[in-house]
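All remarks here apply to the structure that follows.
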Amino acid sequence: MRRRINMKNKHIFFTEEPEKTLFKKSKTLSKVEKFLKWVNEPVDAEASQESVSGDNVQDTCTSSGSEERETNAKKGDAPREASIPEPGEGRAGSPAAELQAEENAGYGAAAATTDAEDGVARAAPGPRQVEAEAENKKKRKKKRSKNRKAVGLPPDIAAVPELAKYWAQRYRLFSRFDDGVKLDREGWFSVTPEKIAEHIAGRVSQAFTCGGVVVDAFCGVGGNTIQFALTGKRVIAIDIDPVKIDLARNNAEVYGTADKIEFICGDFLQLAPGLKADVVFLSPPWGGPDYATAEIFDIRTMMSPDGFEIFRLSQKITNNIVYFLPRNADVDQVASLAGPGGQVEIEQNFLNNKLKTITAYFGDLIRRSASES
């Protein structure tokens, strides 16, 4: 009887827009703000009354008992409006009492910070202020996007109409495209979009937090190689095409990661038996953009070299394998790579709500729930 293969399916959505963090104001922070306001009100009233009488007012603020700062309010200053605290404030039900009750109950939310230089207690930035700063950051990023080089189609792109749409999406492929990134014809439609490559590298980095070596068996122009190197991993980048190796090296230099990468021009099928690494990343050629027209992508017959043979050779290096495949790949076929009783985790990668690719994780790269670990 054939043993069942355990398989997980996950959906990962990527967007070109920066993530907008929503802030929820905590009850503790609200009570602290009420408390600070309540504390300041009597001070304002006292200052107003003393200003009317013409007496000099002296305020002292001490930080850690080491510094004192004095300010004098001169006679004739206009009185400030002040609200007198209602009777009963400071007792049960007042902001101060509620704050004290929460502190006694063990809540430790920090709502104010103290400047060590002048000893003045300042309220921490509120959620609205933080959200406003995030919005300003988003606007600055959009402005930078508008300032990107507005250039027409290069002659080599204009000569191949099918590449025009990839040129329009060049910043999805490499965010630093204008800094000198280079691609050949095949590279335009085979490179992994940067956000997806970054996510995959992050998954590998989480599984191997202390260093590690990654083999990028079919590195192409270096999209995935660069992201692995950016996480601090040592990368062995292999490609049979010397032009691809030169382009990948150039692009790695643009991203400042070339010193973490060993580039090898050769056939992975022949090199595999002599390689040692913690992870193997597989993104073999899919046969050009025509792969998308097939209803089901067969990794055995529509991929050259044979997708099953590539996986078998990778297992001789390590069981920790990442297989990056077209969105229409046969999922059952991919799952069968794990063997009887084996496990595989499959992610579907969405970019701007469109399914782009799938990623299969094997070995220790599979995320396991607490009950499974």
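Quick note: the coordinates plus some simple rules give every number you see, no bench work behind them. What you are looking at is a predicted structure, and each value in this text was computed from that prediction instead of being measured. Cβ: placed from backbone, ideal geometry, glycine included. Neighbour counts: every protein chain shown.
Annotations
- Mean separation of Cα contacts under 8 Å (6+ apart) over length of segment 251-373, as relative contact order %: 23 percent
- Inter-site label distance for Ala168 and Asp156 at 7 Å from Cα along Cβ, in nm: 2.2 nm
- Take each peptide in 196-204, 178-186, 159-167, count the other Cβ atoms within 10 Å of every residue, and average; sorted highest first, the result is 196-204, 178-186, 159-167.
- Scattering profile of segment 300-351 at q = 0.19 Å⁻¹ [log10 I(q)/I(0), Debye over alpha-carbon scatterers]: -0.70
- Descending Cα extents along the principal axes, segment 170-299, whole Å: 41, 37, 28
- Restraint check, Lys195/Lys233; Lys165/Lys233; Lys260/Lys356; Lys165/Lys195; Lys138/Lys356, Cα-Cα greater than 24 Å: Lys165/Lys233; Lys260/Lys356; Lys138/Lys356
- Amide N of segment 332-373 lying under 14 Å from the label point, which is placed 7 angstrom from the Cα of Thr293 along Cα→Cβ: none
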